[in-house]
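Data first, discussion second: the structure below is written as structure tokens.
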Amino acid sequence: MRHNKHRASLGVTREHRKAMLANMAVSLLEHGRIKTTLTKAKALRPFVEKVITKAKKASVKTDKKDAIHLRRLALSDLRDETAVTKLFNETVKEFANRPGGYTRIYKLGARIGDAAEIALIELVKADDQGYAKKSKAKAKKPASKAKKKADEAAPAEVPAEAAPATEAAKEEPKA
């Protein structure tokens, strides 16, 4: 039974899962976005966000011992020195003012071979506001065919009304 199991097992052992998440996190930090299955993306999101939070805390710390400790914890999670260096030197600056939510998942649909749900997980840009409320002015909807026909018929009627005025003008010089 799965009582009190709060993580997706991803069909592998604990060691394999930790290694897989570390490798996917390194790829995400290097490239900014990766394509994977939806379940793996959902498992990767909290893993990456916790590592980024460690980097943010280390950048704020004035005591070097605490900063080094957080850096070593991130290194034990990611298992790649170049990725940790890039995270602590470059990536953490982008998220300095962001209080969490460093990643976004887009669903891409089913994979052709096995119909697995594919998703794109990416790091959110520093200036991205997400789904901010838009102004109340909505974009105009395209006119329906009935309205287009009515608009086309209306200009045809206008010259018909103008025609009697021209006839009246022609009659005046005769009289």
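Descriptive notes on the structure:
- Residue in the stretch 85-104 that is part of a strand (DSSP E or B), modelled with pLDDT of 95 or more and not charged (D, E, K, R) present: yes
- Complete set of residues in the stretch 19-40 that are closer than 23 Å to Glu90 by Cβ and of a type in the set (Gly, Ala, Ser): Ala22, Ala25, Ser27, Gly32
- Residue within the stretch 62-78 that is touching a residue at least 24 places away in the same chain (Cβ under 8 Å) and either closer than 15 Å to Ala126 by Cα or in contact with a Pro (Cβ under 6 Å, 6 or more places away or on another chain) (or both) present: no
- Any hit, the stretch 22-33, residues being free of Cβ contacts under 8 Å to residues at least 60 places away in the same chain and among the basic types (Lys, Arg): no
- Residue among Arg98, Arg111, Arg104, Arg79 that alone is at positive phi and not small (Gly, Ala, Ser): Arg79
- When residues of the stretch 105-129 are limited to those that are outside any strand (DSSP E or B) and among the β-branched types (Val, Ile, Thr), the one farthest from the chain's Cα centre (by Cα): Ile112
- Among the numbered conditions (1) modelled with pLDDT under 70; (2) under 22 Å from the mean Cα position of the chain (by Cα); (3) assigned to a helix (DSSP H, G or I), the only one that Ala132 does not meet is (3).
- Meets criteria (at pLDDT 95 or above, of a type outside the set (S, T, N, Q), within 23 Å of Thr36 (Cα to Cα) and surrounded by fewer than 12 Cβ atoms within 10 Å (Cβ to Cβ)) for Asp77: no
- Residue ID - surrounded by the most Cβ atoms within 10 Å (Cβ to Cβ), chosen from residues in the stretch 7-45 that are under 25 Å from the mean Cα position of the chain (by Cα) and assigned to a loop (DSSP other than H, G, I, E, B): Leu10
The values are calculated or read from the model by the stated rules, or taken from the named source; none is laboratory data. Since the structure is predicted, the reported quantities are computational estimates derived from the model, not experimental observations. When we count neighbours, we look across all protein chains shown, and the Cβ atoms used for this are built from the backbone with ideal geometry, even at glycine.
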